[in-house]
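Before any comments, here is the structure.
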Amino acid sequence: MIKVLLAEDQGMMRGALALLLGLEEDIEVVAQVGHGDEVVDTALRTRPDVALLDIEMPGRGGLETAADLREHLPGCAVLILTTFGRPGYLRRAMEAGARGFLVKDGPVEDLADAVRRVLRGERVIDPALAAAALSTGPSPLTDRERDVLAAAADGSTISDISARLHLSDSTVRNYLSSAIGKTGTRNRIEAARLARHNGWL
């Protein structure tokens, strides 16, 4: 049996996925969690072969959790399943050690097949998303530019961002200016929107 840990914050979706995967003769869902911070401890306790992770969860998101699992339980294959088919997310998921990346609107047979394939060591990536990732290219933003842009996305003032990130006002302005230039947008709101759309934030 292939043991699967399912991490999805929406209870109805989590239950439906567990039920559908449980119908497969060779797959057993050994754990279900709704919070990113619960994944590693639960995985260490249940020792799944495959962890199926949503990207956006309370606590730690799927991308950070994938990296945590690679460190603490390297034998567990990670498959990202998300509503958000963004090229930057795909790139970051692969960098974090995920072996697969699928969007949630695909057929359940594809999901069960992907679980089997990542366990065999294959990479499984949604084809349309792979093409989009290649055409979009890697994120042009540095880690610090990404942090500042993410902090600015909610409309926070320069002073608010400075206090939150422990930077000077002028440093925050420089990072924002650089991020705006690199994204080819007119202001920080547009830059944050574009970066989020591409999965860079």
TODO: Would you please name the residue that is farthest from Cys76 (Cα to Cα), looking only at residues in region 10-34 that are of a type outside the set (A, V, I, L, M) and open to solvent by 60 Å² or more (accessible area, probe 1.4 Å)?
DONE: Gln10
Task: Output for region 86-118, where each listed residue is at pLDDT below 80, open to solvent by 40 Å² or more (accessible area, probe 1.4 Å) and under 23 Å from Ala192 (Cβ atoms) - done: Arg86, Arg91
TODO: Output the qualifying pairs, or none if there are none: Cβ atoms under 7 angstrom, residues six or more apart or on different chains, first residue in region 186-199 and within 23 Å of Leu90 (Cα to Cα) and in contact (Cβ under 8 Å) with a residue 40 or more places away in the chain, second residue of a type in the set (Ser, Thr, Tyr) and assigned to a helix (DSSP H, G or I).
DONE: Ala191/Thr183; Ala195/Thr183; Asn198/Thr136; Gly199/Tyr89
TODO: Please state which of the following conditions Val78 fails to meet, knowing it meets all the rest: (1) open to solvent by less than 10 Å² (accessible area, probe 1.4 Å); (2) part of a loop (DSSP other than H, G, I, E, B).
DONE: (2)
Open item on the list: Name the single residue that is nearest to the chain's Cα centre (by Cα) among those in region 130-143 being open to solvent by less than 70 Å² (accessible area, probe 1.4 Å) and modelled with pLDDT of 70 or more.
Closed with: Ser139
- [ ] Please tell me if Leu53 is open to solvent by 10 Å² or more (accessible area, probe 1.4 Å) and within 14 Å of the chain's Cα centre (by Cα).
- [x] no
Task: Failed criterion for Ile2 (all others in (1) surrounded by fewer than 23 Cβ atoms within 10 Å (Cβ to Cβ); (2) within 20 Å of Asp105 (Cα to Cα) hold) - done: (2)
- [ ] For residues that are open to solvent by 70 Å² or more (accessible area, probe 1.4 Å) and in a helix (DSSP H, G or I), scanning just region 164-185, find the one that is nearest to Ser139 (Cα to Cα).
- [x] Lys182
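The values are calculated or read from the model by the stated rules, or taken from the named source; none is laboratory data. From a predicted model like this one, the values you see are computed outputs, not experimental measurements. With ideal geometry, Cβ positions are generated from the backbone for all residues, glycine too; neighbour counts draw on all protein chains shown. Keep in mind that these areas ignore ligands, DNA and RNA; they rest on the heavy atoms of the full protein, side chains included. Shrake-Rupley method; radii C 1.70, N 1.55, O 1.52, S 1.80 Å.
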